């Protein structure tokens, strides 16, 4: 049957009803073919859960897979998921209330997809379970730390939360990738007390630094004074030593001279003559006006004219 004869009544008039009927039949056939088409695709980072009547029959990996018309495939993600926990509450060992916000990144263990699909989630989203588990773990971990330790040992706190959460989420077939903690906060009164303590500590450190500076300056002054005193003492010791050496040398010289004079009386007589000669050279010719008993009689130099007259 030709196209013209099928869609025309008398070979001239176009049969719209027949065309619409055939078009509708074609759409229905395409729908049926698409619904029962046996070739399916599992995206990267996912698994295909094959069910029959709601019961799990198999698990397909990434790529193409063939399924029977009576089977159904659900795409299950095993890629990293993220759960945000805002203002998780806990209490420290010293009964201080504390809040924190966290971001937990996790994924479904590939070998536990069927278990998670059957018990917890059909698409791999365990956000509600992760949030509840994280809050429970946070309360348990913070109860082991005091408020100051919770601040100063934040790395240890994060490690403890990660370890405990891994154990907790393993129950649901999930594995923890990482945990980010932010915005540790305590009550306003405790934060004011911490700020006051920090301020006092800073003032104390400033006072200690100032005291150390003053002590250093005083030690420097003492060192300078001691150095100057040592210099003066060294100078005085040097002068005294020099004088002692000079006196010793003079004494030794006198001792040498005395020893020489004692051994040689002629030298002593020569010295006496030298003294008398010096006196004679300095005499001005005037005789003394008075002579005491033991004094020597001065010599008289009688000229040659006087001698001649006597004769």
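The values are calculated or read from the model by the stated rules, or taken from the named source; none is laboratory data. The structure displayed is predicted, hence computed values, not measured ones. Positions of Cβ are generated from backbone atoms using ideal geometry, with glycine treated the same way; all protein chains shown enter the neighbour counts.
Per-structure values
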item	result
Residue in the stretch 63-70 that is surrounded by 12 or more Cβ atoms within 10 Å (Cβ to Cβ), outside any strand (DSSP E or B) and modelled with pLDDT of 90 or more present	no
Residues located in the stretch 71-94, provided they are closer than 20 Å to residue 178 by Cβ and not in a strand (DSSP E or B)	78, 79, 80
Any chance residue 18 is at pLDDT below 80, surrounded by 10 or more Cβ atoms within 10 Å (Cβ to Cβ), more than 30 Å from residue 134 (Cβ to Cβ) and in contact with a helix residue (DSSP H, G or I) (Cβ under 7 Å, 6 or more places away or on another chain)	yes
Condition met for residue 219 (within 44 Å of the chain's Cα centre (by Cα), assigned to a helix (DSSP H, G or I), modelled with pLDDT of 75 or more and not assigned by TED's automatic domain parsing to the domain that holds residue 148)	yes
Test: residue in the stretch 35-46 that is more than 54 Å from the chain's Cα centre (by Cα), at pLDDT below 90, more than 18 Å from residue 116 (Cβ to Cβ) and in a helix (DSSP H, G or I)	yes
Within the stretch 95-116, tally of residues that are modelled with pLDDT of 90 or more and outside any strand (DSSP E or B)	8
Pick from the stretch 172-190, criterion in contact (Cβ under 8 Å) with a residue 24 or more places away in the chain and in a helix (DSSP H, G or I), ranking: nearest to the chain's Cα centre (by Cα)	190
Residue that is in contact with a strand residue (DSSP E or B) (Cβ under 6 Å, 6 or more places away or on another chain) and more than 21 Å from residue 117 (Cβ to Cβ), where the choices are 88, 80	88
